[in-house]
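A short write-up of the structure that comes next.
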Amino acid sequence: MFKIITFPLGPLETNVYLLLNETTKEAVIIDPGMNPDRIFKPLEGYKVVAILLTHAHFDHIGGLKQVRERYNCPVYIHSLEADWLTSAEWNGSLRWPQVTRPMSFEPAEHLLEDSQELTLMGYTFYVLHTPGHSPGSVSFLYKDHLFSGDVLFRTSVGRTDLPGGNQRELMRSIHKKVLTLGDAVNVYPGHGPVTTVGFEKQYNPFI
C-alpha cells in the first residue's frame, strides 16, 4: 500500500493528496491547490509520475503550474473539463477576485473517461465519473480508498450552485457510484477530514 500525506492548501483549505510508493520512490499528486510549497519537502527523493485532478475548480488546480514545472509530469483530467484548465471563467478563478487572480493553464496531457484504469507507480486506480458538483468530476478508487474530490464530504455533499452543477446528478453519483462501493471504503474528500462510506450512510443528512 502507498503512503498517503494530506495538506489543506490555499484560502479554501483544499486537500491535496500525496501518494507515495516508498519502495519505488514514485509519487502521485491529487489536486495541487493554491500555495503548494508545503508539499515539496515530503516529495524530496521521489519521482512524481502524475498529477490527477478530480475536477478543474480553481481551488483544486491553483498550484498546477508550479507543481507541473517543478516535476515535469503529466496531468490527467476528465474530458468534459479539458477546456476548464485554459479558461479562467470556467475554472471559477475569474469569479472570485477577492480570493485569487484569474488562472489559466496549459492543457492536460491525458483525458479521463468513466471506468478507465490507470496504472501508476505500480498500482491500478479506477476512474469513476461522478458528476454533479461539476460536469467532469471524477473519483479515483484504489481498493478501499476513494479520492472523491468535492462529491462527498464528512456529513455533507458538494455544492451544485456553480456553473455546470446539477443536484440530481450529484445525488445519482453518490448513490450509484460511491455508496455502492462498500461501507469499509475510506473516502478522501476535497475538503475536510477523511470519512467512510458506512459513516456517511448512517450520519450524512444529505443522503
Quiz item: Among the residues of the stretch 105-116, is there at least one that is closer than 20 Å to Gly190 by Cβ, open to solvent by less than 30 Å² (accessible area, probe 1.4 Å), not in a strand (DSSP E or B) and not polar (S, T, N, Q)?
Solution: yes
Self-check item: In the stretch 51-95, residue most open to solvent (accessible area, probe 1.4 Å) [restricted to those that are over 19 Å from Asn15 (Cβ atoms) and not in a helix (DSSP H, G or I)]
Solution: Asn72
Quiz item: Mind checking whether some residue in the stretch 157-174 is of a type in the set (Lys, Arg), surrounded by fewer than 18 Cβ atoms within 10 Å (Cβ to Cβ) and assigned to a loop (DSSP other than H, G, I, E, B)?
Solution: yes
Self-check item: Per-region count, the stretch 8-36, residues within 16 Å of Asp150 (Cα to Cα), surrounded by fewer than 18 Cβ atoms within 10 Å (Cβ to Cβ) and touching a strand residue (DSSP E or B) at 6+ places or on another chain (Cβ under 8 Å)
Solution: 1
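Test Val48 against the criterion of being buried (at least 20 other Cβ atoms within 10 Å of the Cβ) and assigned to a strand (DSSP E or B), and give yes or no.
Details: buried (at least 20 other Cβ atoms within 10 Å of the Cβ): yes; assigned to a strand (DSSP E or B): yes.
Considered against the rule, which asks whether it is buried (at least 20 other Cβ atoms within 10 Å of the Cβ) and assigned to a strand (DSSP E or B), Val48 comes out as yes.
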Self-check item: Residue list for the stretch 175-195, restricted to those being surrounded by 13 or more Cβ atoms within 10 Å (Cβ to Cβ) and either polar (S, T, N, Q) or in contact with a Pro (Cβ under 8 Å, 6 or more places away or on another chain) (or both)
Solution: Asn186, His191, Thr195
Quiz item: Hey, Val99 hits all of (1) among the aliphatic types (A, V, I, L, M); (2) touching a helix residue (DSSP H, G or I) at 6+ places or on another chain (Cβ under 7 Å); (3) open to solvent by 30 Å² or more (accessible area, probe 1.4 Å) but one; which does it fall short on?
Solution: (2)
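The values are calculated or read from the model by the stated rules, or taken from the named source; none is laboratory data. This one's a predicted model, so the numbers in the text were calculated from it and none came from an experiment. All Cβ positions, even for glycine, are placed from backbone atoms using ideal geometry, and neighbour counts span all protein chains on display. The protein model used for the area step is the full one, side chains on, heavy atoms only, and it has no ligands, DNA or RNA in it. Shrake-Rupley method; radii C 1.70, N 1.55, O 1.52, S 1.80 Å.
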